[in-house]
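A.B. asks: First the structure, which I've put down as structure tokens, then a few questions once you've had a look.
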Amino acid sequence: MPPVDPLFKDDDDGNTPLEAEEREQLIPSYITLRHELNEAEQINIGQGLEWAQRRKRDVLVQDFLNTLHKRMFGDVWAWAGTYRKTPRNIGVDAYRIPMEVKLAIDDARYWAEHETYLPDEIAIRFSHRIVAIHPYPNGNGRFSRMIGDLLAQQLGQSAFSWGQTSLVTAGETRTKYIETLKLADNHEIGPLLEFARS
């Protein structure tokens with residue numbers, strides 16, 4: 001008997017369940033299993049990264065962030081690049097998303113211009129703020145890690161290693177990542193910064 005691989009499993013550790021109307025916006029009709037969805041998203045994410053690396057960009061621009069999310073998930077989800085309109089068990093209320101993203105951008109710009117933190121910490125703090133806001137229906141963790149990498153590069157650093165493994169599926173590294181995010185939620189950024197470079 002093959003292992004159970006439901007497409008929309010609500011009990012994945014750290015995954016935010018999609019609302020019914022968001023699930024209906026899945027574009028590829030061949031996807032019926034979770035691993036097929038993960039595969040399609042991973043291919044699309046690779047295309048998004050390639051797109052971002054081919055151009056001169058400023059990560060700290062709201063339009064760039066929305067376009068990047070669309071480039072990362074737009075072949076898989078019709079809502080890609082559009083802020084969520086539904087409530088979540090994490091993140092801010094949907095109506096606050098545009099304002100909170102703008103504040104996160106403004107803070108990161110200030111930190112960079114005034115050298116408030118070292119470049120790695122600026123990138124990690126910004127990445128964490130975005131994932132904490134949870135602006136999109138899904139893909140927020142993968143998106144926030146990519147913008148952390150891109151901002152680190154913009155600030156003259158190398159991309160992060162993020163535990164050197166995929167953080168999409170459950171496992172020890174993903175558990176560690178989620179633990180460090182929770183610590184960062186409580187203003188303890190050190191473990192997340194350390195994890196990002198592990």
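Bear in mind that the values in this text are calculations on the coordinates, not laboratory data. Keep in mind it's a predicted model, so treat the numbers as computed, not measured. Every residue, glycine as well, gets a Cβ built from its backbone with ideal geometry; the counts of neighbours run over all protein chains shown.
A.B. asks: What shape does region 45-86 take by its C-alpha gyration tensor, where a ≥ b ≥ c are the square roots of the eigenvalues and a/c under 1.5 counts as rounded, a/b above b/c as prolate, and the rest as oblate?
C.D. replies: In terms of gyration-tensor shape, oblate.
A.B. asks: Would you list 136, 110, 117 from fewest to most Cβ contacts within 10 Å?
C.D. replies: Values: 136 27, 110 11, 117 16.
Lowest count first: 110, 117, 136.
A.B. asks: If a/c stays under 1.5 just call it rounded; otherwise compare a/b with b/c (prolate if a/b is bigger, oblate if not). Do that for region 140-198, with a ≥ b ≥ c from the square roots of the Cα gyration tensor eigenvalues.
C.D. replies: Judged from the Cα gyration tensor, region 140-198 comes out oblate (a/c at least 1.5, b/c at or above a/b).
A.B. asks: Moving on to the next point. Once you've got the GNM for the chain with C-alpha springs shorter than 10 Å, pick whichever of 72, 146, 99 has the biggest mean-square fluctuation.
C.D. replies: 99
A.B. asks: By its C-alpha gyration tensor, with a ≥ b ≥ c as the square roots of the eigenvalues, how is region 40-198 shaped: rounded for a/c under 1.5, else prolate for a/b larger than b/c, else oblate?
C.D. replies: rounded
A.B. asks: I've got another one for you. With axes computed from alpha carbons, what is the tilt in degrees of helix 172-185 against the longest principal axis of the chain, rounded to the nearest 10 within 0 to 90?
C.D. replies: 50 degrees
A.B. asks: What number, in percent, do you get for the relative contact order of the chain if the mean sequence gap of Cα pairs under 8 Å and at least 6 apart is divided by its residue count?
C.D. replies: About 17 percent, as a whole number.
A.B. asks: Next question, about the same structure. Roughly what angle does helix 34-53 make with the longest principal axis of the chain, taking Cα atoms, 0 to 90 degrees, to the nearest 10?
C.D. replies: Relative to the chain, helix 34-53 is tipped by roughly 30 degrees.
A.B. asks: For residue 77, what residues show an amide H to amide H distance below 5 Å, using hydrogens built from the backbone and excluding near sequence neighbours?
C.D. replies: 27
A.B. asks: Would you order 69, 187 from fewest to most other beta-carbon atoms within 10 Å of each residue's own beta-carbon?
C.D. replies: Ordered from fewest to most neighbouring Cβ atoms within 10 Å, 69, 187 come out as 187, 69.
A.B. asks: Region 131-198: which GluC sites (Glu not before Pro) are DSSP loop and have at most 16 other beta-carbon atoms within 10 angstrom?
C.D. replies: For GluC sites (Glu not before Pro) across region 131-198 that sit outside H, G, I, E and B with at most 16 neighbouring Cβ atoms in 10 Å, the list reads 188.
A.B. asks: Let me ask something additional. Within the chain, how many Lys pairs sit with Cα atoms under 27 Å apart, leaving out pairs fewer than 8 places apart on the same chain?
C.D. replies: 12
A.B. asks: Would you please give the FRET efficiency between residue 164 and residue 94, computed as 1/(1 + (r/R0)^6) with r the Cβ-Cβ distance and R0 = 25 Å, to the nearest 0.05?
C.D. replies: So the FRET efficiency works out to roughly 0.15.
A.B. asks: Oh, and also: What residue among 29, 158, 166 shows peak mean-square fluctuation when the chain is described by a Gaussian network model with Cα springs under 10 Å?
C.D. replies: So, out of 29, 158, 166, the one fluctuating most is 29.
A.B. asks: Once Lys and Arg get +1 and Asp and Glu get -1 on their Cβ, which of 40, 198, 87 lies farthest toward the positive end of the dipole of the chain?
C.D. replies: Going by the charge dipole, the pick is 40.
A.B. asks: Kindly rank 75-85, 49-59 from highest to lowest mean number of other beta carbons found within 10 Å of each residue. Mind dumping the intermediate values first?
C.D. replies: Values: 75-85: 19.2, 49-59: 13.1.
Descending packing order for the listed peptides: 75-85, 49-59.
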